[in-house]
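Asks: Dropping the structure in here first, questions after.
The values are calculated or read from the model by the stated rules, or taken from the named source; none is laboratory data. Worth saying up front: this structure is predicted, and the values here are computed from it rather than measured. Backbone-built Cβ (ideal geometry, glycine too); neighbour counts: all protein chains shown.
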Amino acid sequence: MARKKRTNDPEGMRRRVLDVAEDSFQARGYHASSLGDLMAAAGVTGGALHHHFPTKKALALAVIEERVAAAVQETWVAPLRAAPSARQGVRAVFEAVAAELERQGYVRGCPLNNLAHELSLADADFRLALANVFAGWRQAIADKVRADQEAGGESATDPDRFAALTVAAYSGAMSMAKTAQDAGVLRECLAGLARF
């Protein structure tokens, strides 16, 4: 009888655990997601989980630093950089997110916002990791406004204030959209932001 060769894919296992944790933290929250539930959903043992993430906190930090930060890059930073101007990029992101949420038929909220609300006061490491993602997002918007200014546009706009207002408007709109289960709030906030 031939013995089945064991396949070892530690990176695949790590990705699977991150996938499950990211989904659970967004659907139920960090505190309501037990390690036992995460292990069962990922199909891994405690030893395998702890090899990659020695604590639940380490797992959450990896979700923030790898997954949530990447989501901000994909949803916000890349489209913004590709847009002809900061304002056009902001408009395109708000509209694309609203359209996607309407297509889904439900609003889970902003992954960054959800974790920031739950974890910012819980632990200094969480607060720092979340603040770093927000700071990178704001910096990308401010940098795009500065590029617009160098090209002769947006002379009356303060890049840092516009970035702060944009992130705050989006974060607030996503919180309201989640509560109301109505993505239209994003379009309402975008209309107000356009007047700034």
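Asks: Please give the number of the condition S155 fails out of (1) under 30 Å from V20 (Cβ atoms); (2) loosely packed, with under 15 Cβ neighbours inside 10 Å.
Replies: (1)
Asks: Does F53 meet the test of being modelled with pLDDT of 95 or more, more than 30 Å from F162 (Cβ to Cβ) and either outside the structural domain of A151 (by TED's automatic domain parsing) or crowded, with 18+ Cβ neighbours inside 10 Å (or both)?
Replies: Answer is yes for this residue.
Asks: Then there's this: Give the residues of segment 99-146 that are surrounded by 14 or more Cβ atoms within 10 Å (Cβ to Cβ) and among the hydroxyl-bearing types (S, T, Y), sorted by residue number.
Replies: Hit for segment 99-146 is S120, nothing else.
Asks: Separate question: Which residue is nearest to A27 (Cα to Cα), if the candidates are limited to segment 85-133 and must be in a loop (DSSP other than H, G, I, E, B) and within 16 Å of the chain's Cα centre (by Cα)?
Replies: For segment 85-133, the residue satisfying everything is R108.
Asks: Are any residues in segment 158-181 assigned to a loop (DSSP other than H, G, I, E, B) and touching a residue at least 40 places away in the same chain (Cβ under 8 Å), and if so, which ones?
Replies: Within segment 158-181, just Q181 meets the criteria.
Asks: Residues being in contact with a Phe, Trp or Tyr (Cβ under 7 Å, 6 or more places away or on another chain) and free of Cβ contacts under 8 Å to residues at least 40 places away in the same chain: count how many of those fall in segment 113-141.
Replies: 1
To keep it simple, each residue is scored yes or no on (1) out of contact with any Pro (no Cβ under 6 Å at 6 or more places or on another chain); (2) closer than 30 Å to A124 by Cα; (3) not charged (D, E, K, R).
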{"residue": "M13", "(1), (2), (3)": "yes, yes, yes"}
{"residue": "L18", "(1), (2), (3)": "yes, yes, yes"}
{"residue": "F25", "(1), (2), (3)": "yes, yes, yes"}
{"residue": "G36", "(1), (2), (3)": "yes, yes, yes"}
{"residue": "K57", "(1), (2), (3)": "yes, yes, no"}
{"residue": "Q73", "(1), (2), (3)": "yes, yes, yes"}
{"residue": "P79", "(1), (2), (3)": "yes, no, yes"}
{"residue": "E95", "(1), (2), (3)": "yes, no, no"}
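Asks: Just give me the residues in segment 29-41 being under 22 Å from the mean Cα position of the chain (by Cα) and of a type outside the set (A, V, I, L, M, F, W, C), in sequence order.
Replies: Listed by number, the residues that qualify are G29, Y30, H31, S33, S34.
Asks: I've got another one for you. When V44 is evaluated against the numbered criteria (1) part of a helix (DSSP H, G or I); (2) over 18 Å from the mean Cα position of the chain (by Cα); (3) buried (at least 19 other Cβ atoms within 10 Å of the Cβ); (4) of a type in the set (A, V, I, L, M, F, W, C), which criterion, by number, is the only one it fails?
Replies: Going through the list (1) part of a helix (DSSP H, G or I); (2) over 18 Å from the mean Cα position of the chain (by Cα); (3) buried (at least 19 other Cβ atoms within 10 Å of the Cβ); (4) of a type in the set (A, V, I, L, M, F, W, C), V44 breaks only (1).
Asks: Could you list, in sequence order, the residues of segment 158-188 that are small (G, A, S), within 30 Å of G105 (Cβ to Cβ) and surrounded by fewer than 17 Cβ atoms within 10 Å (Cβ to Cβ)?
Replies: Across segment 158-188, the qualifying residues are A168, G172, A180, G184.
Asks: Among the residues of segment 56-66, are any outside any helix (DSSP H, G or I) and more than 14 Å from L130 (Cα to Cα)?
Replies: No: segment 56-66 contains no residue that is outside any helix (DSSP H, G or I) and more than 14 Å from L130 (Cα to Cα).
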